[in-house]
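The structure under discussion appears below in the form of structure tokens.
A short reminder: the numbers here are calculations on the coordinates, not readings from a lab. The shown structure was predicted, so the numbers you read here are calculated from the model rather than taken from an experiment. FYI the Cβ positions are ideal-geometry reconstructions off the backbone, even for glycines, and counts take in every protein chain you see.
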Amino acid sequence: MKKSDALKLQKASKVIHVGGEPDNETGAIMPPIFQTSTYVQSSPGTHKGYAYSRSHNPTRTRLEENLASLENAKYALVTSSGMASEMLIMHALKKGSTVVCSNDCYGGTYRLFETVFNELHNFIYIDTTDIKLVRKTLTENKVDLLWIETPTNPLLRITDLKEISKIAKENKTKTVVDNTFMSPIFQNPLDLGVDVVTHSMTKYINGHSDVVGGCIMLNNKAFYNSLHTLQKTLGPTQSPFDSWLVLRGIKTLHIRMKAHEENAKQVAKYLDSHPKIEKVLYPGLKSHPQHGLARKQMNGFGGMVSFYLKGDLKKSKKLLSRFKVFSLAESLGGIESLIGHPAIMTHASVPEKERNAMGISDNLIRISVGIEDIKDLIQDLDQALEKV
Ligand SMILES: *Cc1c(COP(=O)(O)O)cnc(C)c1O
């Protein structure tokens, strides 16, 4: 199947077919892993589009075609990690740029900005769910880039992407959305006017907790070229084998996201009615303050659920050591259910005062709901909560 035909496909078919053309030479239905660093040239400078695998590799190209189609983008760039993608975007900005960022972004993003790129650029952290504040910040400062995560991690707060893109365009500010939590199945920011999308492929896109990777999708050719040149120059490319694993994992992305969401809805409902839980955060719950916006801009509510336990750090720790099906671990988006303590685990690099002000307190717990049988997940939550 040709890529041009495939663009008309539905997502459930795109994940399987785009970039998945049979091998030209042998007819093998699955693409080979081009485990090669270099390519033979017929005369100096004459080659088939591939000269060295730091800049191009056919396995990576196939994955990039697939990813671009899922975000309705012209270009996709696959990198060695989600952080590598973020690094490339930051390096593509002119020195001295002003970047406005969601204040409860991924902890690693905050660390990257505050410990590496603060030497080059100026960072302002605001609540991007507050449209008035965004408008004020963009009109009062010359902002080069607006970095948005929606839903945020771990508080699952939602930013209105259509509205914010409009304001950004009026102020000539480029917008980036870290779309890791929704995957391209549940949210397509480019369709809502956003300029650039990034993902940690380590999470839902690969989905099997066995690869680290990142990607960037966009429509602007000049910006794509500068990102690709930076990747070639700095070197954070993904290995052919890892790209092949992601190509394998992505085939079930559509069906996995549905299964994650189905389970997450039930976990959220169960926790919401549990007497030992103070509050549940899940965009699919009617009680979520932005449930309406979530319905409007997302095609699903995702597989991440956060909740506040009634109690303190001691109780939270006690609860977290009691699970048998859920694993206590960082990361998210794999087929297996994970549970974690954001303040100690994923968000330790955010200063305590700021953490508490945001709501990432000692009794906040985050779940990445896997695709196991829901009965086993509920039973595990039940037995663990009973003991605290
Ligand atoms: C994990 C994650 C990242 C970083 O990606 P890596 O693949 O771990 O480098 C960035 N943003 C979000 C939202 C993430 O969950």
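Annotations for the structure displayed:
- Partner lysines whose Cα lies under 30 Å from the Cα of Lys172, excluding those fewer than 8 positions away in the same chain, are identified as Lys74, Lys94, Lys95, Lys132, Lys136, Lys142, Lys162, Lys221, Lys232, Lys296.
- Under a 5 Å amide H cut-off, with hydrogens placed 1.01 Å from N, Ser306 pairs with Leu281, Ile367 among residues at least 5 apart or on other chains.
- Springs join every pair of Cα atoms under 10 Å in this Gaussian network model of the chain, and among Arg135, Arg157, Arg60 the largest mean-square fluctuation is at Arg135.
- Convex hull of alpha carbon positions in segment 254-386: directionally averaged projected area 8.0 nm².
- Principal-axis analysis of the Cα atoms of the chain puts helix 374-386 at an angle of about 40° to the longest axis.
- Alpha carbon convex hull of segment 128-186, volume per residue in cubic angstrom: 77 Å³
- Taking every DSSP bridge with both residues inside segment 3-250, close to 45 percent are antiparallel.
- This ranking places Asp127, Asp160 by how few other beta-carbon atoms lie within 10 Å of each, fewest first, which gives Asp127, Asp160.
- Where the alpha-carbon atoms of segment 97-198 are placed on the principal axes, they occupy 36, 30, 20 Å, in descending order.
- For the chain, the normalised intensity computed at q = 0.07, 0.11 Å⁻¹ comes to -0.32, -0.79 (log10 of I(q)/I(0), Debye sum over alpha carbons, equal scatterers, no solvent).
- The local environment of Ser287, defined by Cβ-Cβ distances under 15 Å, has a net charge of +4 under the rule Lys, Arg +1 and Asp, Glu -1.
- Shape of segment 295-339, Cα gyration tensor, a/c cut at 1.5: oblate
- For segment 196-221 versus segment 149-192, the gap between their alpha-carbon centres in whole angstrom: 15 Å
- Near Thr175, the amide H atoms lying under 5 Å from its own belong to Leu146, Asp195, Val196; only residues 5 or more places off or on other chains count, and H is placed 1.01 Å from N.
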